[in-house]
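Colleague: The structure that follows is given in the form of structure tokens.
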């Protein structure tokens, strides 16, 4: 054999090896994806609360250690849809808990004010389809026809907004039920589809495990017990500051091992899909951290030394150390189920948060039991089309909203609606520049406002600034303008006021604004065989879907606002 022939054959062999290697690389791309959204989780919770499964994923996968929400409003009903659509709020059809339906998409009338968290699955679908963008489910159905795309979560609007227009199955756990004298036996609560088309499978409807007794018990026993059977509120309806937004028995697992609620319910439902379906994608919403964070402030604030709860009793379930660790346990349970079913090696596993949170050292809300909705929403003229949140009461002795603190804004006579959390947002009646400037001046004077903006077309214009610390100013200079611009839409607010750190207008622990604590989130992606990286890239929620698609080998069908990152697969 001549040297030339040897060279040709060697070249052929090398080419074949390269082709085989390329084929192996293509075959290694994940064919399934699970996205777990830890509602309101902060990045440092993983190490503080010994969340060993998330720590393992961070040390073996792609850990985006500087990830942020990257948009406003930093709210669940906004962020969840961003995660599965790659769209900024200004292109989604809604930008926060409140919207102005300028196009009369929902049928309440052109320009009607509606509360987004109270929309149905069908209404979310109308908003998505009016904007015309595909979502995770659309991409997975196109790539893997006939395979199931499912959504499970603790809150109706989590599941309905995420699933809208693109999922096969969307289920959340039960509506509020008053417990019976037997303290939850027989089980009166049950699964609940996001609507009648939620396609709840029989292996859930026929399984007694998924029936949970949830609470709204108005007359708890006295004294309230600390072990099962337990009043559903876990004292959160009487203990400050939790009583602003108390736990009603759904967001924690509860004392009955055979019928656990909360994040356990979500994980167990997802495992049923893994075991019974030919599936391609799931988006799972773990809500426990969010609920506990709203009640007690979360993180360093929520300690036994602060509130006097006993970690050895069931009262631990309504505090952050226990609920964060339990959420991590559900992650581990899902990983084991994927391995047992032979899906782990083909699944892209994503864990992130939809927003962070802060606590209200500077508090400007109604300090009364059940005060949450009274403080978040303000509807002075009763103009909202679909709820009565924030309307003045006919009874002058009853506190119904934070009218006092918002009086300068309402005194303009031009306020249609406002929503306030860790930012203030106002929708006006007359939206001329002069009236917007008048409202902005009123917002500037409200407590702890550091910057005020007026929407002008597709961006917000800064009209004033207030006192800031050096830390606040540095963050605001880098992020403030960019964040408010992401909600510059005709559906969104006309005036926005950004607030100081550790400031809340809604409840003790909250989110929604631009503060660093509210914007920072964990973000980790893992697939079998990938190399570990710890990236300082400015990863945002809007980048999740394009990154998932690129690394699954699925081409984008439409423009997205997010950036696709390459993972070391």
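The values are calculated or read from the model by the stated rules, or taken from the named source; none is laboratory data. As the structure is a prediction and not an experimental result, all values here were calculated from the model. With ideal geometry, Cβ positions are generated from the backbone for all residues, glycine too; neighbour counts draw on all protein chains shown.
Colleague: Here are 132, 137, 109: which of them is at positive phi and touching a strand residue (DSSP E or B) at 6+ places or on another chain (Cβ under 9 Å)? Break it down stepwise before answering.
Modeller: Numbers: 132 fails: touching a strand residue (DSSP E or B) at 6+ places or on another chain (Cβ under 9 Å); 137 fails: at positive phi.
The match here is 109.
Colleague: If you take the residues of the range 279-300 that are in a helix (DSSP H, G or I) and at pLDDT below 95, which of them is nearest to residue 248 (Cα to Cα)?
Modeller: Within the range 279-300, the subset in a helix (DSSP H, G or I) is 288-296, 299-300.
Now narrow it down to the ones that are at pLDDT below 95: 299-300.
Details: 299: 21, 300: 24 Å.
By that ranking, first place goes to 299.
Colleague: If we keep just the residues of the range 404-417 that are within 18 Å of residue 387 (Cβ to Cβ) and touching a residue at least 60 places away in the same chain (Cβ under 8 Å), which is farthest from the chain's Cα centre (by Cα)?
Modeller: Only one residue tops the list, namely 416.
Colleague: If you don't mind, another one. In the range 455-493, what residues are surrounded by 21 or more Cβ atoms within 10 Å (Cβ to Cβ) and assigned to a strand (DSSP E or B)?
Modeller: Selection gives 455, 460.
Colleague: Which of the residues spanning the range 304-357 are in a loop (DSSP other than H, G, I, E, B) and farther than 24 Å from residue 84 by Cβ?
Modeller: Residues of the range 304-357 in a loop (DSSP other than H, G, I, E, B): 308-313, 319, 341-343, 353-357.
Once the filter is applied, which keeps residues that are in a loop (DSSP other than H, G, I, E, B) and farther than 24 Å from residue 84 by Cβ, the range 304-357 yields 308, 309, 310, 311, 312, 313, 319, 342.
Colleague: Ok, one more. Across the range 162-177, which residue is nearest to the chain's Cα centre (by Cα) among those that are surrounded by 15 or more Cβ atoms within 10 Å (Cβ to Cβ) and at pLDDT below 90? Show your work before the answer.
Modeller: Residues of the range 162-177 that are surrounded by 15 or more Cβ atoms within 10 Å (Cβ to Cβ), as a first pass: 162-174, 177.
From what is left, the residues that are at pLDDT below 90 are 171-174, 177.
Details: 171: 16, 172: 14, 173: 16, 174: 19, 177: 24 Å.
Among those residues, the one meeting the criterion is 172.
Colleague: If I filter the range 190-198 for residues that are modelled with pLDDT of 65 or more and either in a loop (DSSP other than H, G, I, E, B) or under 15 Å from residue 153 (Cα atoms) (or both), do I get at least one hit? Walk me through it before giving the result.
Modeller: Taking the range 190-198 as the starting set, the residues that turn out to be modelled with pLDDT of 65 or more are 198.
Filter again for either in a loop (DSSP other than H, G, I, E, B) or under 15 Å from residue 153 (Cα atoms) (or both), leaving 198.
Looking through the range 190-198, at least one residue is modelled with pLDDT of 65 or more and either in a loop (DSSP other than H, G, I, E, B) or under 15 Å from residue 153 (Cα atoms) (or both).
Colleague: Based on what the data block shows, is residue 452 farther than 26 Å from residue 293 by Cβ, in contact (Cβ under 8 Å) with a residue 24 or more places away in the chain, in the same structural domain as residue 377 (by TED's automatic domain parsing) and not in a strand (DSSP E or B)? Show your work before the answer.
Modeller: Values: farther than 26 Å from residue 293 by Cβ: yes; in contact (Cβ under 8 Å) with a residue 24 or more places away in the chain: yes; in the same structural domain as residue 377 (by TED's automatic domain parsing): yes; not in a strand (DSSP E or B): no.
Considered against the rule, which asks whether it is farther than 26 Å from residue 293 by Cβ, in contact (Cβ under 8 Å) with a residue 24 or more places away in the chain, in the same structural domain as residue 377 (by TED's automatic domain parsing) and not in a strand (DSSP E or B), residue 452 comes out as no.
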